[in-house]
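The values are calculated or read from the model by the stated rules, or taken from the named source; none is laboratory data. Since we're looking at a predicted model, the values are computed, not measured. Positions of Cβ are backbone-derived with ideal geometry, glycine not excepted, and every protein chain shown enters the neighbour counts.
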């Protein structure tokens, strides 16, 4: 794949038994608004998503940093091929918790280390559901944050191959999102796996799961419109 084609070189370990899932649960013609998302996050109950993964061995956090640059945009990274885990994958800045720090501090520190994001610019506006990954068996706490403007970022070459500033409207375009249902080895239960096909990259796994949560929250029906 090239960066003029949707989809990327990321390895998708699709099991033998899988099927296509349902359509996007959000309106593809709608417009994103960070103020609306922030209001919905303020009343959103935080849960723990059952992924079928084994019990977590460690705790980690990621930072979902959003800003308005003519339209709402999210900061993602493509990890380098030399990383020990998730090499070449598209992900949010994040990593394992260090002794003595809160998980919010973990998310901010990792963003500083990976893309030189100034923590003083980061305004925490909510959390998404916590989940545990299969590959690293890490319990992930996803923090959603808002930035006052487009940040000046520099990729740490030891961890980040490229910084991706993705307008959320791109994720809503027809043909970008899809859901698959995977039956994991040793189980007959199918679980949803989400994908977003960018130009030159495929987002899947925990990152796509969190983007799915973010968009679903942004377009959830408010109490006043019910």
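Annotations for the structure displayed:
- All of (1) surrounded by fewer than 20 Cβ atoms within 10 Å (Cβ to Cβ); (2) at pLDDT 95 or above hold for residue 144 with one exception: (1).
- Of the criteria (1) outside any loop (DSSP other than H, G, I, E, B); (2) in contact (Cβ under 8 Å) with a residue 60 or more places away in the chain, which one residue 105 fails: (2)
- Just one of the listed residues (215, 211) is under 18 Å from residue 33 (Cβ atoms), in contact with a strand residue (DSSP E or B) (Cβ under 7 Å, 6 or more places away or on another chain), at pLDDT 95 or above and not in a strand (DSSP E or B), namely 211.
- The number of residues in the stretch 67-101 being modelled with pLDDT of 95 or more, in a loop (DSSP other than H, G, I, E, B) and under 20 Å from residue 147 (Cβ atoms) comes to 2.
- Every listed requirement among (1) modelled with pLDDT of 95 or more; (2) closer than 30 Å to residue 191 by Cα is met by residue 123 save one, (2).
- For residue 155, the test of being under 28 Å from residue 97 (Cα atoms), without any contact (Cβ under 8 Å) to a residue 60 or more places away in the chain, surrounded by 14 or more Cβ atoms within 10 Å (Cβ to Cβ) and in contact with a strand residue (DSSP E or B) (Cβ under 7 Å, 6 or more places away or on another chain) is failed.
- Number of residues in the stretch 1-43 that are part of a loop (DSSP other than H, G, I, E, B) and within 30 Å of residue 87 (Cβ to Cβ) equals 18.
- Residues of the stretch 158-182 classified as part of a loop (DSSP other than H, G, I, E, B), within 18 Å of the chain's Cα centre (by Cα) and surrounded by fewer than 16 Cβ atoms within 10 Å (Cβ to Cβ), total: 1
- Considering only residues in the stretch 137-152 that are in a loop (DSSP other than H, G, I, E, B) and touching a strand residue (DSSP E or B) at 6+ places or on another chain (Cβ under 8 Å), the one that is nearest to residue 23 (Cα to Cα) turns out to be 137.
- The residues of the stretch 164-175 that are out of contact with any strand residue (DSSP E or B) (no Cβ under 6 Å at 6 or more places or on another chain) and either within 12 Å of residue 114 (Cα to Cα) or touching a residue at least 60 places away in the same chain (Cβ under 8 Å) (or both), listed by number, are 169, 172, 173, 174, 175.
- Within the stretch 21-50, the residues that satisfy the criterion of being surrounded by 12 or more Cβ atoms within 10 Å (Cβ to Cβ), farther than 20 Å from residue 167 by Cα and at pLDDT 90 or above are 21, 44.
- When the stretch 119-135 is filtered for residues that are more than 16 Å from the chain's Cα centre (by Cα) and buried (at least 18 other Cβ atoms within 10 Å of the Cβ), only 122 remains.
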